[in-house]
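Colleague: Dropping the structure in here first, questions after.
The values are calculated or read from the model by the stated rules, or taken from the named source; none is laboratory data. What you see is a predicted model; the values in this text were computed from it and never measured. Glycine gets a Cβ as well: all are built from the backbone with ideal geometry, and neighbour counts include every protein chain shown. Each accessible area value is taken on the protein alone, full model and side chains, heavy atoms only, with ligands, DNA and RNA left out. Shrake-Rupley method; radii C 1.70, N 1.55, O 1.52, S 1.80 Å.
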Amino acid sequence: AFLAAGAFKLRTFTKPKAEGLIERLTHFPQWQQQGIELLIKPGFAIIGKKIKLELWVYDVSNKKRMFVSTYKFNPNNLGRVIFEFVDKIHQTFTGQRSNLLSKLVFSKKLKDGHQLIYKSNADGTDEKAITRKSRSKRWPKLDILPEIAKNGKAMLFTSYVEHQQVLFEMDFIT
């Protein structure tokens with residue numbers, strides 16, 4: 001399979017020969033012949049209800065291990081673990097964090113007419129309302145235009161309740 005992901009071209013291959021995770025068991029020339037520059041070798045174990053995942057990352061042209069990342073997690077957190085790992089690779093090569101671990105804030109209109117502020121992970125998972133509905137029976141609440149402060153600790157948004165426009169600031173921990 002071939003996938004272009006920004007500056008990276010990701011490919012999956014069957015390993016040339018049986019080999020382990022460590023450097024001395026890695027057949028670097030065979031990986032180089034396939035055009036592989038960065039090799040990621042996974043190892044895992046199931047420990048009770050958790051998964052222990054080790055990801056060994058190698059620079060193929062220099063025939064050396066760059067780093068090993070170890071994660072112990074609940075299976076439904078696999079997506080988050082993958083984002084953390086890809087973020088580490090991105091940071092290793094660019095010196096900057098990716099946006100994979102970012103939070104999104106947005107205004108969402110509900111079926112009952114209320115419009116609330118929600119937050120989610122960058123991929124849209126873990127969506128949660130962070131403002132509440134109005135108690136007014138006459139008018140739905142309208143929360144719009146969320147904006148996160150540059151330091152990531154506060155959020156501003158505009159709210160309309162019973163035709164009154166108010167600018168709110170709330171603590172926001174990403």
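Colleague: Within the chain, what whole-number % of the accessible surface is contributed by carbon and sulfur, with the 1.4 Å probe and all protein chains included in the calculation?
Modeller: 53 percent
Colleague: Something else: Excluding ligands, DNA and RNA, what is the solvent-accessible area per residue of the chain at a probe of 1.4 Å, expressed in Å²?
Modeller: Counting only protein heavy atoms, the per-residue value for the chain is 70 Å².
Colleague: For A154, what residues show an amide H to amide H distance below 5 Å, using hydrogens built from the backbone and excluding near sequence neighbours?
Modeller: A149, F172
Colleague: Suppose only helical runs count, i.e. DSSP H with n ≥ 4. What mean residue ellipticity at 222 nm does that imply for the chain under -39500 (n - 2.57) per run, divided by all residues and rounded to the nearest 500 deg cm²/dmol?
Modeller: The helix-only estimate for the chain comes to -4000 deg cm²/dmol at 222 nm.
Colleague: Subtract the Cα-Cα distance of D123 and K63 from 0.36 nm times their separation in residues, and report this length gain in nm to one decimal.
Modeller: Contour length minus Cα-Cα distance gives 18.2 nm.
Colleague: Quick one: angle between helix 78-94 and the longest Cα principal axis of the chain, in degrees between 0 and 90, rounded to 10, please.
Modeller: Here the helix axis deviates by roughly 70 degrees.
Colleague: Continuing with the same structure: Quick one: if the Förster radius is 22 Å, what FRET efficiency do S102 and Q32 give, using the C-beta to C-beta distance and rounding to 0.05?
Modeller: On the way: r = 35 Å, r/R0 = 1.60.
About 0.05, to the nearest 0.05.
Colleague: Return one quarter of the surface area of the convex hull spanned by the alpha-carbon atoms of the stretch 22-65, equal to its mean projected area, in nm². Display every interim value, and only then the final one.
Modeller: Values: hull surface 13.2 nm².
Mean projected area for the stretch 22-65: 3.3 nm², to one decimal.
Colleague: For the stretch 73-174, rounded, prolate or oblate, judged on the Cα gyration tensor with a ≥ b ≥ c (square roots of eigenvalues), a/c < 1.5 rounded, else prolate if a/b > b/c?
Modeller: Note, shape of the stretch 73-174 comes out prolate.
Colleague: FRET efficiency for E19 and I47, Cβ-Cβ distance as r, R0 = 22 Å, nearest 0.05?
Modeller: For E19 and I47, the calculated efficiency is 0.35.
Colleague: By its C-alpha gyration tensor, with a ≥ b ≥ c as the square roots of the eigenvalues, how is the stretch 47-90 shaped: rounded for a/c under 1.5, else prolate for a/b larger than b/c, else oblate?
Modeller: Because a/c hits 1.5 or more and a/b fails to exceed b/c, the stretch 47-90 counts as oblate.
Colleague: Let me see the P(r) profile for the chain: every Cα-Cα distance counted, bins of 10 Å, each bin given as a percent of all pairs.
Modeller: In order of increasing distance, the bins hold 8, 26, 25, 17, 14, 8, 3, 0 percent.
Colleague: A further question on this structure: What FRET efficiency do you get for E84 and E162 if R0 is 35 Å and r is their Cβ-Cβ distance, rounded to the nearest 0.05?
Modeller: FRET efficiency, E84 to E162: 0.20.
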